[in-house]
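Enquirer: Structure incoming, see below.
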């Protein structure tokens with residue numbers, strides 16, 4: 001999912017309540033409605049699996065265990081911060097929770113067959129930390145180990161490679177209660193213990209590990225604007241959050257995430273990699289930013305927007321420190337790496353995971369209004385990022401207020417990573433779009449998702465151009481999402497799935513037209 005992911009229809013976008021209001025109002029008066037999105041130069045009608053390199057991996061994803069599994073009180077699972085948050089009044093727009101989600105905990109064999117029917121090579125999913133350690137640390141829960149062993153074995157039995165995310169936002173509530181979770185350096189040891197338990201129990205079969213999904217999203221959404229668990233912030237006179245400091249906490253969380261990743265990567269490389277022959281990376285949420293104008297100020301603003309999003313986390317992993325724009329603008333609020341930590345963090349990735357959905361315009365923030373009002377990581381960047389320029393939207397809109405269809409952004413982003421970071425191996429760990437969950441639309445009509453087909457066709461064509469024409473080192477692509485699912489603070493209002501889930505009839509799965517499109521795409525070869 002996606003950038004999904006402040007997915008209260010701000011999936012993964014570091015966007016303020018003010019920005020959301022602007023977009024919503026713009027949509028209501030028609031200036032965000034739609035415009036034709038640019039297509040890539042490849043003919044999307046002609047591409048298929050064979051157009052890509054022979055070893056290119058195609059998969060689909062479920063991402064967070066919390067969004068899919070359900071069974072929140074079964075087999076010894078402990079509560080997570082999202083269990084508490086989703087049961088707090090007013091935090092989810094349709095007042096739903098993920099106690100059942102789409103019940104993949106019980107239906108995984110059925111869902112794996114759907115992946116097999118699609119012709120996918122791989123499946124990306126996350127492990128629930130609190131199923132392995134119900135209290136976040138201490139005694140391991142064997143029932144949790146048993147479940148994921150069965151799940152992984154079932155995937156492999158169908159010829160589907162598991163790509164496993166260790167942390168997708170569902171921190172054990174016990175650690176939040178004990179020491180404020182990601183705000184404390186104590187989390188590094190506990191995360192390492194959890195990760196190593198996964199390496200020990202699953203690493204003989206799992207060859208692709210993703211330590212974190214979208215650290216930028218949960219740092220900003222959870223600790224800056226407070227719209228995700230654990231819901232901490234200090235913006236707007238603390239009208240929305242009972243505790244927090246938006247000026248410092250997102251940076252502290254990000255710092256502890258980077259140190260945790262580096263520690264775990266070091267453990268894996270020293271103790272497991274030579275035997276298990278796997279790789280380790282992180283999945284980053286990345287909106288591509290285009291300057292709103294060709295002025296020097298807007299070009300620099302677009303770069304700063306990227307620095308405060310992707311660069312915040314990837315620069316330390318590649319270069320050993322945060323971007324210079326963050327150092328100069330955040331100052332002493334941005335933590336420092338010791339020389340030992342910098343050496344450990346730098347180079348601790350085998351691949352770069354990219355969750356990419358959309359493109360925004362960026363322009364210079366010529367006033368200090370946001371800085372005075374918010375004093376947070378969004379204001380610190382000195383940019384205003386929105387999906388429209390005046391009255392013109394950047395592309396056709398999906399359901400989410402932040403998700404506009406701009407295929408060209410994929411190629412631009414891949415080239416940016418190639419040029420700035422030395423062309424590292426990249427996996428597109430998420431890419432997709434959503435339709436509304438409208439109870440008045442008959443299922444047979446909801447299955448006709450032609451916009452989704454256009455989306456995938458356009459973005460895959462753009463990705464292919466980046467590989468074949470530009471030499472970008474992209475190794476795989478995961479479509480978000482296998483199933484419609486519970487979308488964080490958006491609840492069940494948004495449908496990202498290739499398969500329609502009938503929430504009113506025993507969670508039955510129905511293939512949308514995009515399923516047949518992918519079957520055709522994956523089962524034809526030009527090689």
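Just so you know, all these numbers are worked out from the coordinates, no wet-lab data involved. Just so you know, these numbers come straight off a predicted model, no measurement behind them. Positions of Cβ are backbone-derived with ideal geometry, glycine not excepted, and every protein chain shown enters the neighbour counts.
Enquirer: Averaged over every viewing direction, what's the projected area of the C-alpha convex hull for segment 148-304? Give it in nm², one decimal, please.
Expert: Details: hull surface 49.8 nm².
So the Cα hull casts an average projection of 12.5 nm².
Enquirer: Sticking with this structure for a sec: For every helix of n ≥ 4 consecutive DSSP H residues, a contribution of -39,500 (n - 2.57) applies; sum these over the chain, divide by its total residues, and give [θ] at 222 nm rounded to the nearest 500 deg cm²/dmol. Please list the in-between numbers first.
Expert: Values: 21 runs with 207 residues, N = 527.
Helix contribution divided over all residues of the chain: -11500 deg cm²/dmol.
Enquirer: I'd like the antiparallel share, as a percent to the nearest 5, of DSSP beta bridges with both residues in the chain. Mind showing how you got there, number by number?
Expert: Values: 16 of 55 bridges.
The answer is about 30 percent antiparallel.
Enquirer: Another question, if that's okay. Indicate the gyration tensor shape class of the chain (rounded, prolate or oblate), computed on the Cα atoms with a ≥ b ≥ c the square roots of the eigenvalues: a/c under 1.5 is rounded; otherwise a/b larger than b/c is prolate and the rest oblate.
Expert: On the way: a/c = 1.21, a/b = 1.03, b/c = 1.18.
Because its axes are fairly even, with a/c under 1.5, the chain counts as rounded.
Enquirer: Going by average Cβ neighbours within 10 Å, how do the peptides 242-249, 76-83 rank, with the highest at the top? Intermediate results must be reported in sequence, preceding the final value.
Expert: Working: 242-249: 19.0, 76-83: 23.0.
Peptide ranking by packing, descending: 76-83, 242-249.
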